[in-house]
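Notes to accompany the following structure.
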Amino acid sequence: MPKQYWLMKSEPDAFSIDDLAAVAQEPWSGVRNYQARNSMRDDMRVGDEVLFYHSNAKPAGIAGLARIARTAYPDETQFDPESDYYDPKATRETPRWFMVDVQFVSKFSKILSLAEIKSHAHLFSADFVPVRKGSRLSVAPVSAEDFRTAVQLAKSKR
DNA sequence: GCCAACGTTGGC
DNA sequence: GCCAACGTTGGC
């Protein structure tokens, strides 16, 4: 399968691009959306490239790049009654939620804000998640073209 | 804090 | 299987 591209959202108050840089690699636990899970479980491959998006941030936008370092395996937090992400319907025999490992690649010198992305919406496909109204997917596929465009835009900033 | 958009749940 | 109610996401 050719390399694929993704956008993954995180609230920087909880886990930012700086946090990812500090740990180098992180299990992406806590995803509790079926579409996002299916993308991680079925489609992500080691080496896939990721736009790391800060949501609920000032400003919101793409903060840097990451890559997939490990394919999907069961998210331990679903089995932990103490966890916010506990799922009583999940069992170790039939886990419901999966996670991948995400590895830090780079932090943009300046965040590519959502406002900037929208002001250049014509450069992106209509499917590009940040320009799609009301998109709430925490993990979403991105076309190779949109990925490249986002990286170029970010790097053209100073 | 507001609220639109969207996903999930559960009654029928 | 439909769909209203509800909860959450996420930009502003």
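The values are calculated or read from the model by the stated rules, or taken from the named source; none is laboratory data. Computed from a predicted model, the values in this text were never measured in an experiment. Positions of Cβ are backbone-derived with ideal geometry, glycine not excepted, and every protein chain shown enters the neighbour counts. Areas reflect the complete protein model, heavy atoms only, side chains present, ligands, DNA and RNA absent. Shrake-Rupley method; radii C 1.70, N 1.55, O 1.52, S 1.80 Å.
For this structure, a couple of remarks:
- On chain A, 48 percent of the accessible area sits on carbon and sulfur atoms, based on a 1.4 Å probe.
- In region A:41-95, the trypsin sites (Lys or Arg not before Pro) that fall in loop regions by DSSP, at most 14 other Cβ within 10 Å: A:Arg45, A:Lys89, A:Arg92
- Backbone geometry of region A:39-56 corresponds, through the Karplus equation with coefficients 6.51, -1.76 and 1.60 at θ = phi - 60°, to 3J(HN,Hα) couplings of 4, 5, 6, 9, 10, 6, 10, 4, x, 4, 9, 10, 8, 8, 9, 8, 9, 6 Hz, x marking Gly and Pro.
- Whole-Å distance, taken between Cα centres, linking region A:117-158 and region A:1-42: 17
- On a per residue basis, chain A carries 54 Å² of accessible surface, using protein heavy atoms and a 1.4 Å probe.
- For A:Leu7, nonlocal amide neighbours, meaning residues 5 or more places apart or on other chains whose placed amide H falls under 5 Å from its own, are A:Leu51, A:Ala140, A:Val142.
- In order through region A:69-82: 3J(HN,Hα) via Karplus (6.51 cos²θ - 1.76 cosθ + 1.60), integer Hz, x for Gly, Pro: 10, 8, 6, 4, 8, x, 7, 4, 5, 5, 8, 9, x, 7
- Ellipsoid semi-axes in whole angstrom, largest first, where each is sqrt(5λ) of the Cα gyration tensor of chain A: 27, 16, 15
- Amide H partners (placed H, <5 Å) of A:Phe108, local residues excluded: A:Gly64, A:Leu65
- The C-alpha atoms of chain A define a longest principal axis, and helix A:144-155 lies at about 60 degrees to it.
- A straight Cα-to-Cα reach below 28 Å connects A:Lys3 with the lysines A:Lys107, A:Lys110, A:Lys118, A:Lys133, A:Lys155, A:Lys157, residues fewer than 8 places away in its own chain not being considered.
- Taken about its Cα centre, region A:5-155 carries a charge dipole of roughly 520 debye when the Cβ of each Lys and Arg holds +1 and the Cβ of each Asp and Glu holds -1.
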